[in-house]
Amino acid sequence: MTGLPSVGLISHGTSSPTGQVLIEVLAAEIATDLRIRGIADEVMLGHVDVQQPDVDEVINRLPADRPVILVPLLLSPGYHVHVDLAEAVGRAAAAGRDVRQSPTLGPDPRLAEILADRLPRLKGKDDVILAAAGSSDERANESCREMGRLLAAELDRPVGVGFLAGGGAPLKDLVKESRSRGARPVLANYLLAPGFFDDLARKLVAGGMEAGSAKYGAAKSSSAGTGPSGVLAPPLLTGSNGAHVVPHQLVDIVRDRVREVAQPQARTQPHCPAPQVLNA
């Protein structure tokens with residue numbers, strides 16, 4: 001095989017139009033960065049759920065004469081990483097393709113920087129809680145707890161970790177307990193973009209919602225949510241107070257993930273023009 005590797009950026013997928021646009025913007029910035037730095041050739045956005053193209057199609061559409069690096073645009077390693085992506089890599093290997101899978105975006109101290117930047121000015125009695133989607137895979141939940149520890153180090157104050165679904169401490173219980181002590185729950189939004197779980201968290205802050213109910217749909221707004229006694233910070237990809245929609249740390253993390261699994265020579269290629277992101 002010759003030439004630079006190709007990269008498949010694999011998101012979860014969302015039915016939220018705002019979330020779809022934000023993920024596409026992220027993918028475009030990553031693609032430009034990787035190409036300009038001579039790290040990768042073609043870059044394609046795909047999804048493990050909800051949207052198309054899926055992982056198999058991404059692999060099939062990328063050149064077969066060079067390695068393909070799949071980077072999960074996922075914050076923690078759950079079912080989609082250990083089953084969906086792993087099985088796709090296995091099928092590709094059986095067909096003679098060189099397909100490699102990188103680690104997820106989190107946990108990473110740079111994500112803690114973004115989360116801290118998204119928070120409002122904190123007061124003494126505020127309870128900071130990392131609001132995570134949650135998973136049936138305990139490895140994903142432990143990854144979120146580690147992200148909570150990283151955020152606590154960044155803020156130099158305690159951070160709880162609550163989950164909207166799956167295992168682990170239910171977010172609604174942590175919010176209820178915080179309010180019962182007269183504190184203000186401030187939720188650090190550990191979601192990449194607006195969508196189903198962001199909507200659940202927003203309704204939880206507003207009050208009167210059982211987190212995890214399937215009747216609530218995609219998010220209608222990308223701004224911070226404020227309830228009568230709580231605050232939900234914006235997701236990682238939502239700019240606030242004039243902040244850039246794509247924090248540079250996210251691009252940096254993806255670049256590092258690609259480099260972790262790329263051949264050493266793939267990092268020394270000359271400058272190339274910026275690419276277009278392939279999509280369905």
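The values are calculated or read from the model by the stated rules, or taken from the named source; none is laboratory data. As the structure is a computational prediction, the values presented were derived from the model and not from experiment. We place every Cβ from the backbone using ideal geometry, glycine too, and count neighbours over all the protein chains shown. Just the protein is used for accessible areas: all its heavy atoms, side chains included, with ligands, DNA and RNA removed. Shrake-Rupley method; radii C 1.70, N 1.55, O 1.52, S 1.80 Å.
Candidates in the stretch 54-79 are the residues that are under 16 Å from the mean Cα position of the chain (by Cα) and modelled with pLDDT of 95 or more; of these, the one that is nearest to Ser6 (Cα to Cα) is Leu70. When Ala40, Ala116 are screened for being out of contact with any Ser or Thr (no Cβ under 9 Å at 6 or more places or on another chain) and either of a type outside the set (D, E, K, R) or at positive phi (or both), only Ala116 passes.
Those residues that are farther than 20 Å from Asp84 by Cβ and open to solvent by 50 Å² or more (accessible area, probe 1.4 Å), I need them from the stretch 33-59; list them, please. Ile36, Arg37, Glu42, listed by residue number. Pick from Leu75, Leu85: which is open to solvent by less than 40 Å² (accessible area, probe 1.4 Å) and within 20 Å of Val159 (Cα to Cα)? None of the others qualify; the one that does is Leu75. Against the condition closer than 21 Å to Asp108 by Cα, touching a residue at least 60 places away in the same chain (Cβ under 8 Å) and either open to solvent by 10 Å² or more (accessible area, probe 1.4 Å) or within 14 Å of the chain's Cα centre (by Cα) (or both), how does Leu26 come out, does it pass? Here the answer is yes, as Leu26 does meet what is asked.
When you scan the stretch 101-140, how many residues do you find that are of a type outside the set (Gly, Ala, Ser) and more than 18 Å from Leu204 (Cβ to Cβ)? It would help to see each step written out before you state the result.
Let us first name the residues in the stretch 101-140 that are of a type outside the set (Gly, Ala, Ser), namely 101, 103-105, 107-111, 113-115, 117-123, 125-130, 137-139.
Add one more test, that the residue is more than 18 Å from Leu204 (Cβ to Cβ), and what stays is 101, 103-105, 107-111, 113-114, 117, 121-123, 125, 137-139.
Counting residues in the stretch 101-140 that are of a type outside the set (Gly, Ala, Ser) and more than 18 Å from Leu204 (Cβ to Cβ) gives 19.
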